[in-house]
Amino acid sequence: MIEFQLQADSRILRAILPKIEEAFALMSKHPWHVTFPCPTVEDEDLASAWDDSLGQDFSEDRIALAKLLRGKKLPHGYVELEEEAAESAVRGLSELRLIVRQNLLAEITDGQLERGNFDLEKCKGPVKLGYFSYLILAEIQENLISCMG
Amino acid sequence: MSLSLPIPALKEKLEEELDTSKPWKVIVLNDPVNLMSYVVMVFRKIFGFNETKANKHMMEVHELGKSVLWTGEREQAESYVYQLQRWKLQTIMEVDD
């Protein structure tokens, strides 16, 4: 079992968890075949198999991520996950951060986001929550990567 | 009815893409979301790179917007693109001229 404690204050965590759940709900609706297209479009059979297989892989990653996000101790700042689910959850976290970036942080440019070069105080409430969600998900992902060695 | 493509450049491009004898490049594109540590881990897992080589490619992606990770047969290139996409990295493949 992988276990670690987050640096984030549990009050902030409890405020952003509903936002993370909202973003998680959007994951299955996202048109991933557009972001991750089959490179051989002229072969329709391959393209179809590609989309189906990738879709299946993404679903498995979301299941692992759901286990992590619905952990009983997460609202208190503790992450618990079975070791065999870690790789899938790490991939799922990447997908979830993409969703948060596209849906909650759309008004921040890529450059600003990458460098943290924007005034958070001037952002509206939902953007602030989105940004904290984005950071917390990164912290969870980094910790999982460390635990995986 | 003629089945030939009306635009010579397009025909040439299609012929080039269908040419299986040429090597193909697997190229990872930059994105603002994935963490550096994540990208390094993925490169190491998929290509078996050591830390230094994985870091070098990650920095290329970060600073130049893309990095060629591998060059070779088309089928293997497709397999690598699939694995990288599975790890949510935006990846394309191109004929290596």
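Coordinate-derived values only; no laboratory data. No experiment lies behind these values; they were computed from the predicted model shown. With ideal geometry, Cβ positions are generated from the backbone for all residues, glycine too; neighbour counts draw on all protein chains shown.
Points to keep in mind about this one:
- For the stretch B:35-97 and the stretch A:76-103, distance of Cα centres in Å: 21 Å
- Listed peptides A:83-94, A:34-45, B:73-84 by packing density, highest first (mean Cβ within 10 Å): A:83-94, B:73-84, A:34-45
- Legend: ranking of residues A:F4, B:F43 from fewest to most surrounding C-beta atoms inside 10 Å; resulting order A:F4, B:F43.
- Per residue of peptide A:29-38, the mean number of Cβ atoms on other chains within 10 Å of the residue Cβ is 2.
- Checked against a 22 Å cut-off, the cross-linked pairs A:K19/A:K73; A:K29/A:K124; A:K128/B:K56; B:K22/B:K45 give Cα-Cα distances beyond that limit for A:K29/A:K124; A:K128/B:K56; B:K22/B:K45.
- Other protein chain C-beta atoms within 10 Å of residue C-beta, averaged over B:88-96: 3.
- Cβ-defined net charge surrounding A:Q7, 11 Å radius [Lys, Arg +1; Asp, Glu -1]: -3
- Inter-chain neighbour count for A:83-95: the average number of beta-carbon atoms from partner chains within 10 Å of each residue's beta-carbon is 2.
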